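Values quoted throughout were computed directly from the atomic coordinates according to the rules given, and no laboratory measurement underlies them. All of these numbers come straight from a predicted model, not from anything done at the bench. Methodologically, a virtual Cβ is constructed for each residue, glycine included, from the backbone with ideal geometry; neighbour enumeration extends over all protein chains shown.
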Amino acid sequence: AFPKRVKVVEVGPRDGLQNEKNVVPTPVKINLINMLSETGLQVIEATSFVSPKWVPQMADHTEVMQGINKLPGISYPVLTPNLKGFQAAVAAGAKEVSIFGAASELFTKKNINCSIEESLERFDEVMTAARAASIPVRGYVSCVLGCPYEGKISAAKVAEVSKKMYSMGCYEISLGDTIGVGTPGSMKEMLTAVMKEVPVGALAVHCHDTYGQALANILVALQMGVSVVDASVAGLGGCPYAQGASGNVATEDLVYMLNGLGIHTGVDLQKLMDTGTFICNALNRRTNSKVSQASCRL
Amino acid sequence: QESQASGLPEYIKIVEVGPRDGLQNEKVIVPTDIKIELINRLSKTGLPAIEVTSFVSSKWVPQMADHKEVMRGIERHPGVQYPVLTPNLQGFHSAIAAGATEVSVFGAASESFSKMNINCSIEESIEKFEEVAKSARNMNIPVRGYVSCALGCPYEGNIIPAKVAEVSKRLYSMGCYEISLGDTIGVGTPGSMKTMLEAVMKEIPLSALAVHCHDTYGQALANILTAVQMGVAVVDSSVAGLGGCPYAKGATGNVATEDVIYMLNGLGINTGVNLYAVMEAGNFICAALNKKTNSKVAQASFNNGTI
């Protein structure tokens, strides 16, 4: 049986834009987030408080955080890779933050130049500060179904990292198929392992559609009781590990499927499609959402 | 076996419809020798069934005007079926004369669609197919039945599962060995797929069912997964996702064979098909059509250099 309600976590403005080639002007980012706030989405990942040296696309994090309309009932989490980022985020008005771990040592080394253990120690500082400020922290685990460097990732390792992050105080763990190689088979195996360590109510899936498997993988996660799903409007954000390939699953396509399953999301699909049209025009690119592509002539 | 433990079929037969359904819905007319080359390459991938062409009037479907030449020109690999579409008795005779050993007939669960597509009611179309089925039976030629608009119609909108079951049953009763249920405009979701299959499975044995999903709304793999979880063991797909949707301009149509196989491989389900060989065939036809593949697996693999 499927969950009756699913919380859709919109990652377009951060994960999506971060992986788009064109740098998006601050007013466009703010307008994107404001439009998303009108669609019924309850969670919109707004930006990332990382050094602009590493992620130029997110250099305007303070302006974006301060510029958006923050509607009541909507959460606007931001990424904070370390204590410095956390403090900057809180100073800019953030009320929820996210930290990013990985189930792969090589990926962690290449991505943030340290081991998994060291990354968790850094996060501990953020957790302590967040707890003191009563700020909820969401934990991400990357490479849960495969790693661009290590290849296969053991479900046990994913469970181990998830458990550590949950024990540190993350209220939710988003399991990311970073390179989209997962299938319903590996999704099931991985979730079975993780669900032994973390309650299903605290789990989310973050599927990439690089191999076209995202919705099928999400379907399996839902069947196993997961009720939080990350997605990106218009499927923004390519895959940095496979040039020209797609990345995030499109929020429109996800909502279309959930509607068809009779699962409540609170999201207005038409408004979502309109938002996707806006950002694609601004980026001068075609949408990655098939629902949008099919509907555009209606 | 991983798939057995999960209640999924151990083996799934993939029916490759690229050369017919795929090419028919491509804008560019493909030369006969390219069609033959495509089919010959597909024959080497392990695919058990490849829909070759359509014996319809070239006035209606110019892309399939070379049906005789294609039928006669392809290499026939042992163990591979090469069905062709035959809308009526005339097409059937022509197909047999050209060497066809299996044929398909196309019904629909929507009266409006039937009228717009083949200019007659469902009942009238069934009568035509019965003629084909009768001749086919006399000649020991297997007939596959398709039911279009199984999850929605471009004209009528919602289609009730009972209607799909009714048309399926008519086709099955006249002797079709397999019924392929087509989500013609790709509007279906795992919810409507389940409801439709439950209704059809009351009338037709599971082993005689196939799903033919379009990816117009990105739902195809999720819908196929749902069908497979319910025990369906035959899936139609099109190499490189050839074939757009004639009802939504610019939108995609058929699900890509490569993406289906990738998913089934990941589920531990045997298909007998070599994914890399299919990708190469897809690469070939896309180059010939001067278009990008619709297969995400192909896009990711060729760009990455790995599989």
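Panel order for B:PHE92, A:PHE2, A:PHE49, by other beta carbons found within 10 Å of each beta carbon, from fewest to most: A:PHE2, A:PHE49, B:PHE92. Would you mind classifying segment A:7-293 by shape? Square roots of the alpha carbon gyration tensor eigenvalues, ordered a ≥ b ≥ c; an a/c under 1.5 is rounded, otherwise it is prolate if a/b is larger than b/c and oblate if not. Taking the square roots of the gyration eigenvalues as a ≥ b ≥ c, segment A:7-293 is rounded.
For segment A:7-293, give the share of DSSP beta bridges that are antiparallel, in percent and rounded to the nearest 5; count only bridges with both residues there.
10
Normalised Debye scattering of the protein assembly as shown at q = 0.07, 0.09, 0.12 Å⁻¹ gives log10 I(q)/I(0) of -0.43, -0.69, -1.13, counting only Cα atoms as equal scatterers and leaving out solvent. Taken one residue at a time, the phi angles of segment B:219-224 give Karplus couplings (6.51, -1.76, 1.60, θ = phi - 60°) of 9, 3, 5, 5, 5, 5 Hz. Gly and Pro are set to x. In a DSSP loop and with at most 16 other Cβ atoms within 10 Å, the GluC sites (Glu not before Pro) in segment A:1-56 are A:GLU38.
Applying both filters, DSSP loop and at most 16 other Cβ atoms within 10 Å, to the trypsin sites (Lys or Arg not before Pro) of segment B:19-93 gives B:LYS27, B:LYS44, B:LYS59, B:ARG76. Neighbour counting of Cβ atoms within 10 Å sorts the residues A:MET224, A:MET187, B:MET139, fewest neighbours leading, into B:MET139, A:MET224, A:MET187. Among the DSSP helices (H) of chain A, those spanning at least 18 angstrom by Cα along their long axis with an average Kyte-Doolittle hydropathy of 0.5 or more are A:269-283; this is a geometric and hydropathy rule only. When cysteine pairs in chain B are screened for C-beta atoms closer than 4.7 angstrom, the residues that find no partner are B:CYS120, B:CYS176, B:CYS213, B:CYS245, B:CYS286.
Gyration tensor analysis over the Cα atoms of segment B:13-303 returns equivalent ellipsoid semi-axes of 25, 23, 18 Å (largest first, whole Å). Secondary-structure-derived ellipticity at 222 nm for the protein assembly as shown, considering helices only, amounts to -12000 deg cm²/dmol, per-run term -39500 (n - 2.57) for DSSP H runs with n ≥ 4. Here's how it looks for A:ALA59: its modeled amide H is under 5 Å from none belonging to a residue 5 or more places away or on a different chain.
Calculated FRET efficiency, A:CYS114 to A:LYS4, Cβ-Cβ distance, R0 = 30 Å: about 0.15 to the nearest 0.05. When the alpha carbon gyration tensor of segment B:121-207 is reduced to an equivalent ellipsoid, the three semi-axes, largest first, read 24, 14, 10 Å. Database remark: amide H of A:SER174 closer than 5 angstrom to the amide H of A:GLY139, A:TYR140, A:VAL141, A:ALA204 (H placed geometrically; neighbours at sequence offset of 5 or more, or on other chains; Pro and chain starts carry no H). Close amide H pairs (under 5 Å, H built 1.01 Å from N) link A:VAL9 with A:VAL229, A:ASP230, A:ALA231, residues at least 5 positions away or on another chain. For chain B, leaving out every one of the GluC sites (Glu not before Pro) that falls in a DSSP loop and has at most 13 other Cβ atoms within 10 Å, the longest unbroken run is B:76-307. The order of B:CYS245, A:CYS280, going from fewest to most other C-beta atoms within 10 Å of their C-beta, is A:CYS280, B:CYS245. Modelled label positions at B:ALA288 and A:GLU150, each set 7 Å beyond Cα in the direction of Cβ, lie 4.4 nm from each other. Can you tell me, using C-alpha contacts under 8 Å and at least 6 residues apart, the relative contact order of chain B as a whole percent? This gives 20 percent for chain B.
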